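Undergrad: Provided herewith is a single structure, encoded as structure tokens, for subsequent inquiry.
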Amino acid sequence: IDAAPKGQPQIEVTLDIDSDGILNVSAKDKNTGKEQSITIKASSGLSDEEVEKMIKDAEAHAEDDKKFQELVTTRNMADSLIHSTKQTLEELKDEVSEDEKSAIETAISELEASMKGEDKEAIDAKVQALSEKAQPLAEKAQAKAGAAEGDAESGDAGDDVVDADFEEVKDDK
């Protein structure tokens, strides 16, 4: 499956576990029709003691795993905000003052730097700061989209549409 820009690919993933514990995974790119699959088999069975040990290890690390999941979720949200802000900034570059642009780019840099660390609260704070600085930018983008939509709606008003009543006539011959 080919590499593609973020948000572009549509991939259908199928997971199938049969009665013998064999996992079949297949992925199909909906745009190109390319498909790949892999089969995962257990190389050896585990004893009950090994299974119990693994369960205890998993329970012992559950809190760490939860914190890590929250950190990853926060990083993903921050990455998405950075991506959308950069895209909006590029679209509206002629309508944004240098001061606004500089403040937003600084906030983006600070957020990217905090994302390299492990402190979820620091990332959240930088996300909030970027959101506040990018708010006027989002409002401009929304106003621009609303104006474009309004122009499109007013363009439809010139259509020559005629309402008419009709009556079906049946000839009985």
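What follows is calculated from the coordinates using simple rules that are stated; it is not laboratory data. Because the structure is predicted, anything quoted here is derived from the model rather than measured. Please note: Cβ atoms are built from the backbone with ideal geometry, for glycine as well, and neighbour counts cover all protein chains shown.
Undergrad: So, in nm, how far is label GLU95 from label ILE22 when the simple model puts each one 7 Å beyond its Cα toward the Cβ?
TA: It works out to 5.8 nm between the two label points.
Undergrad: Okay, moving on. Straight-line reach from LYS133: which lysines have a Cα under 29 Å away, not including same-chain ones fewer than 8 places off?
TA: LYS6, LYS67, LYS86, LYS93, LYS101, LYS116, LYS120, LYS144
Undergrad: What does the charge dipole of the chain about its Cα centre add up to, to the nearest 20 debye, if the Cβ of each Lys and Arg holds +1 and the Cβ of each Asp and Glu holds -1?
TA: On the way: 21 positive and 46 negative charges, 198 e Å.
Value, rounded to 20: 940 debye.
Undergrad: Using the Cα atoms of the chain, I'd like the radius of gyration and the largest Cα-Cα distance, Dmax, both in angstrom.
TA: 27.6, 91
Undergrad: Provide the packing ranking of 51-63, 117-129, i.e. peptides ordered by the mean count of other C-beta atoms within 10 Å per residue, highest first.
TA: 117-129, 51-63
Undergrad: What percent does the relative contact order of the chain come to when contacts are Cα pairs within less than 8 Å and at least six residues apart? Don't jump to the answer; show the numbers that get you there.
TA: On the way: 108 pairs, mean separation 22.6, N = 173.
Reported relative contact order: 13 percent.
Undergrad: Work through the residues other than LEU71 whose Cβ is under 9 Å from its Cβ and net out their charges, Lys, Arg +1 and Asp, Glu -1.
TA: Values: positive: LYS67, ARG75, LYS120; negative: GLU70, GLU118, ASP119.
After counting each charged neighbour, the total is 0.
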